[in-house]
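Visitor: Input: one structure, supplied below.
Computed from the coordinates by the stated procedures, all read-outs in this text should not be read as laboratory data. The model shown is predicted, which means the values in this text are computed figures rather than measured ones. With ideal geometry, Cβ positions are generated from the backbone for all residues, glycine too; neighbour counts draw on all protein chains shown.
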Amino acid sequence: MSYVVLARKYRPQTFAELTGQEHVSRTLQNAIETERVAHAFLFTGARGVGKTSSARILAKALNCEQGPAAEPCNSCPVCKEITDGSSTDVLEIDGASNTGVDDIRELRDNSRYLPSHSRYKIYIIDEVHMLSANAFNALLKILEEPPPHVKFIFATTEPHKLPITILSRCQRFDFKRISLAKLMARLREIAQSEAITISDNALSMIARKGDGSMRDSLSCFDQVLAFCGNQVQDDDVVTLVGVVDRRLLSDLSAAVLNGDTQGALEGVSRVDAFGYNIRQFAQELIAYFRNLLVIRSVPKPAGILDLAEAELDELRRQAEAHEPQAIQRRLTLLIKAESEMAHATFPRLLLEMALLKMATLQPVLPVQQLIERIKALETSAATTPEIWRTAPSHQLSTKSQPSAPAVGGHGASGWERFVAFCLERKPAVAALLEHGVPLHYAPDRIEVGFSEGSYYLTCLQDAETLQSLRELAAEFNHQPTFVTITPLAPADEVNHQSLVEKKKLDHEQHVKAIRQEVAEHPVVQEALKVLGGEIVEIKAL
């Protein structure tokens, strides 16, 4: 006898056996019991969730010799014919192969004849969205005025492609993706029936590969059994199914959350050694961190996450040790890295960089706690003349009052006052004088030295500029003043200092003094301790 694959062998034959679509089963059973059966049904949903199986069960329930009944007997000749696909009154049509208007016209003409030996003539059209526009128009007439002995059951994965005129004449049933727990429960029943030894972890990997589809899950299960026989090992399932081992995700996430950079990079090496696609693994890791975040953020995560109870407990134990903000920050980094992998030449490097960033993220204090501490600092700082403010990234910027006197102010030398006077009258001349050294200063004679060959010396030796300088000196001293410009050799400059050099030195000393004062201030020290920052800038008010 030829082998029958599990998807066919364990195909549901009653509404009770239909997994994960209880809302559909109950509605159809109630409709049959209350004799409110529509003439046309539309079953929509993802592949392998039970649309065609439900159509066959409904056809058997309507035509069963013991019915119409909420459940077919599956023992009468009519039920057996429908199960075997040999019934002349229940016709299954592939919409992808019979797309033309002529096919639908033939169907329409044949539907006028009474069923040969059943209660209803039932047409099951799979992938009905593949019909052409003319075929839909030909179908529309019979849907508007159907014969009492005819029922239509349409199945499709893309209901949006159907004309609204067809949709409005059908009772629509949306089939859900089957949850992981229900897929695992059904797989466990089949494993027990087939005397197969397999762990819940392996069943979880098979069910997850099915992605909500019972048919895909059973096909995957068939593949595993073909390799392993009746003794299924977890490692064999990992190899065959191609899904990421949950232990690898768990170990890598634990390394990242605990700041273990060595473990994080070793995890990437294991991923590469297993031959996983790096971007696909990153997507699996994103889903894993998303699960951790949901568990840590809501009181009842079981209703949100499609996970087995054992997996949920494992994730809950891992998530409890970390704050939601810590998980969310790492998830954000991982999502950014995954999006960059689409165009990256070195996806492994991107993943490694992201994991290192995630593992070395510094913890952050809650916002409310920071606000309270800052208020306390402001209260402490209110008694001091300084104003402290916190810069972004927990870096402190400090403002203080200046202490250096301005040039030309009280206590300044005669030479400084003269340069300040020139700055008001002729700024260009004053700018040159600031780079000179006052060799002699008196009301009747001023001698200024400049470096040999310098630009300032050349400018002030110009006859017109020198004459302007003498006029400024006479005006400032209220008497004729003799002004001399003298070249200075490098050896002569050692013991002399220009105003520009003096200002620079005074500024450096002032900044040094303020920085020392700020660093030693108790309020600043406490702020650095609380925020874990550093002084990066000091501004004078």
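Visitor: From the mean inverse distance of alpha carbon pairs (Kirkwood) and the Cα radius of gyration, derive Rg over Rh for the stretch 160-227. Numbers along the way, then the final one.
Guide: Values: Rg = 16.4 Å, Rh = 13.6 Å.
Rg/Rh: 1.20.
Visitor: Which FRET efficiency, nearest 0.05, do Thr165 and Asn201 yield, Cβ-Cβ r, R0 41 Å? List each step's numbers first, then the result.
Guide: On the way: r = 50 Å, r/R0 = 1.21.
My answer for the efficiency is 0.25.
Visitor: Shifting gears a bit: Grab the eigenvalues of the alpha-carbon gyration tensor for the chain, scale each by 5, take roots, and send me the semi-axes largest first in whole angstrom. Walk me through the numbers before you get to the answer.
Guide: Working: eigenvalues 1611, 176, 97 Å².
Working from the Cα gyration tensor, I get semi-axes of 90, 30, 22 Å.
Visitor: How big is D for the stretch 190-259, in µm² s⁻¹ as a whole number, if Stokes-Einstein is applied with the Kirkwood radius of its Cα pairs at 4 °C and 1.567 mPa s? Show your work: numbers first, answer last.
Guide: Details: Rh = 12.8 Å.
Once the numbers are plugged in, D ends up at 101 µm²/s.
Visitor: Report, as a whole number in µm² per second, the diffusion coefficient that Stokes-Einstein gives for the stretch 3-65 at 37 °C and 0.692 mPa s using the Kirkwood radius over alpha carbon pairs.
Guide: On the way: Rh = 12.6 Å.
The calculation lands on 261 µm²/s.
Visitor: In µm²/s, what is D for the stretch 255-359 at 20 °C and 1.002 mPa s, where D = kT/(6 pi eta Rh) by Stokes-Einstein and Rh is the Kirkwood radius from Cα pairs?
Guide: Numbers: Rh = 14.3 Å.
D = 150 µm²/s.
Visitor: Hey, with R₀ at 30 Å, roughly what FRET efficiency would Thr157 and Asn137 work out to, going by the Cβ-Cβ distance, to 0.05?
Guide: 0.85
Visitor: Over all directions, the average projected area of the alpha-carbon convex hull for the stretch 44-129 comes to how many nm²? Write out the running numbers ahead of the final one.
Guide: Details: hull surface 24.2 nm².
Projected over every direction and averaged, the Cα hull of the stretch 44-129 covers 6.0 nm².
Visitor: Excluding Gly229 itself, calculate the net charge of residues whose Cβ lies under 13 Å from the Cβ of Gly229, where each Lys or Arg counts +1 and each Asp or Glu counts -1.
Guide: Surrounding charge for Gly229 is -3.
Visitor: If you average the sequence gap of Cα pairs under 8 Å that are 6 or more apart and divide by the length of the stretch 6-174, what percent do you get for the contact order? Please list the in-between numbers first.
Guide: Numbers: 266 pairs, mean separation 48.6, N = 169.
Averaging sequence separation for qualifying contacts and normalising by length gives 29 percent for the stretch 6-174.
Visitor: Using only C-alpha positions, report the orientation-averaged shadow area of the convex hull of the stretch 435-497, nm², one decimal. Mind showing how you got there, number by number?
Guide: Details: hull surface 16.2 nm².
Hull-based average projected area comes out at 4.0 nm².
Visitor: Sticking with this structure for a sec: Out of all Cα-Cα pairs in the stretch 468-513, roughly what percent, to the nearest whole number, are more than 18 Å apart?
Guide: Working: 600 of 1035 pairs.
Looking at the stretch 468-513, the distances longer than 18 Å represent 58 percent of pairs.
Visitor: Here's a follow-up. Do you know the relative contact order of the chain, to the nearest whole percent, from alpha carbon pairs under 8 angstrom that are 6+ apart?
Guide: Details: 711 pairs, mean separation 55.5, N = 541.
Relative contact order of the chain: 10 percent.
Visitor: Another question, if that's okay. If we count every other residue with Cβ under 14 angstrom of Phe476's Cβ, Lys/Arg +1 and Asp/Glu -1, where does the sum land?
Guide: Working: positive: Arg417, Arg425, Lys426, Arg445, Arg470; negative: Glu416, Glu424, Asp444, Glu471, Glu475.
Its environment carries a net charge of 0.
Visitor: Given 0.36 nm per residue, what is the gain on full extension from Glu340 to Arg515 after removing their alpha carbon distance, in nm?
Guide: Values: separation 175, 0.36 × 175 = 63.00 nm, distance 4.31 nm.
Full extension from Glu340 to Arg515 adds 58.7 nm.
Visitor: Principal axis lengths of the stretch 6-174 from Cα atoms, whole Å, largest first?
Guide: Ordered largest first, the stretch 6-174 gives principal extents of 40, 34, 31 Å.
Visitor: Apply the Debye scattering formula to the stretch 297-366, with a single equal point scatterer on each alpha-carbon and no solvent, then give log10 I(q)/I(0) at q = 0.26 Å⁻¹.
Guide: -1.09
Visitor: Given charges of +1 on the Cβ of Lys and Arg and -1 on the Cβ of Asp and Glu, with all other atoms neutral, how large is the dipole of the stretch 93-186 about its Cα centre, in debye to the nearest 20?
Guide: Numbers: 14 positive and 11 negative charges, 108 e Å.
That gives a dipole near 520 debye.
Visitor: At a 10 Å Cβ-Cβ cut-off, how would you order Leu114, Leu457, fewest neighbours first? Could the numbers behind the result be given before it?
Guide: Values: Leu114 13, Leu457 20.
In order of increasing Cβ crowding within 10 Å: Leu114, Leu457.
Visitor: Still on this structure: Size of the stretch 100-146 along its principal axes in angstrom, Cα-based, largest extent first?
Guide: Principal-axis extents of the Cα atoms in the stretch 100-146, largest first: 33, 20, 18 Å.
Visitor: Right, something else. Taking the stretch 94-140, which chymotrypsin sites (Phe, Trp or Tyr not before Pro) meet the DSSP loop condition and have no more than 15 other C-beta atoms within 10 Å?
Guide: On the way: sites: Tyr113, Tyr120, Tyr123, Phe136; in loops: Tyr113, Tyr120.
Counting only loop positions with at most 15 other Cβ atoms within 10 Å, the chymotrypsin sites (Phe, Trp or Tyr not before Pro) in the stretch 94-140 are Tyr113.
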